[in-house]
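The values are calculated or read from the model by the stated rules, or taken from the named source; none is laboratory data. Computed from a predicted model, the values in this text were never measured in an experiment. Using ideal geometry, Cβ is built from the backbone for each residue, glycine included, and neighbour counts are taken over all protein chains shown.
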Amino acid sequence: MQIPQPKLLDQVRDRIRVKHYSIRTEHAYVDWIKRFIYFHRKRHPKELGAPEVEAFLTHLAVDGNVASSTQAQALSALLFLYMATGLVKPTTCHTFRHSFATDDDLHACAESQRARGGGSAGSLIAGG
């Protein structure tokens, strides 16, 4: 009998707890991930990539009038989602360097790929 894989948000919560992030970070990340999913009409994040992340962040800035630090927190949550749950699709990290990823995000991306046996360039979120 095969053990069912935990639901996506449960996987995120588990990874956050393994990494000993604060409970407030867990709540914030889960909330941003839910917002991202609802913004894209409940499509599963494995169907979404860089263009959808960018559209969501643009929506936050333009329609939501959020501060850049709020936008950065949303991006961190989405990067965590894709890297921690194995939803990363191949693309180079430098694609995001000029868009919105921090050096820490890019380093974490490369480390995640090395841990999974990926290439040295690493991966982040890819569009379709």
query = Which one is surrounded by the most Cβ atoms within 10 Å (Cβ to Cβ) among residues in segment 60-92 that are without any contact (Cβ under 8 Å) to a residue 60 or more places away in the chain and among the β-branched types (Val, Ile, Thr)?
reply = VAL88
message = Just to be sure I understand, how many residues within segment 18-29 are without any contact (Cβ under 8 Å) to a residue 24 or more places away in the chain, under 22 Å from SER69 (Cβ atoms) and not in a loop (DSSP other than H, G, I, E, B)?
response = 5
task = For ARG15, state whether it is modelled with pLDDT of 90 or more, exposed (fewer than 12 other Cβ atoms within 10 Å of the Cβ) and assigned to a helix (DSSP H, G or I).
result = no
query = If a residue has to be under 15 Å from TYR82 (Cα atoms) and either part of a loop (DSSP other than H, G, I, E, B) or of a type in the set (Val, Ile, Thr) (or both) to count, how many in segment 1-12 make the cut?
reply = 2
ask   = When the residues of segment 65-99 are filtered to those that are modelled with pLDDT of 85 or more, over 22 Å from VAL12 (Cβ atoms) and outside any helix (DSSP H, G or I), which remaining residue is farthest from the chain's Cα centre (by Cα)?
value = ASN65
task = Inspect all residues belonging to segment 37-50 and state whether any of them is modelled with pLDDT of 90 or more, assigned to a loop (DSSP other than H, G, I, E, B), among the aromatic types (Phe, Trp, Tyr) and over 12 Å from the mean Cα position of the chain (by Cα).
result = no
Every pair of residues 6+ apart whose Cβ atoms lie under 9 Å, when the first sits in segment 44-59 and is on the phi < 0 side of the Ramachandran plot and of a type in the set (A, V, I, L, M) while the second is at pLDDT 90 or above and surrounded by fewer than 19 Cβ atoms within 10 Å (Cβ to Cβ) = LEU48/ILE37; LEU48/HIS40; ALA55/PHE39; ALA55/HIS40; LEU57/GLN71
task = Answer yes if at least one residue in segment 20-27 is over 17 Å from LEU78 (Cβ atoms), at pLDDT below 95 and over 13 Å from the mean Cα position of the chain (by Cα), and no otherwise.
result = no
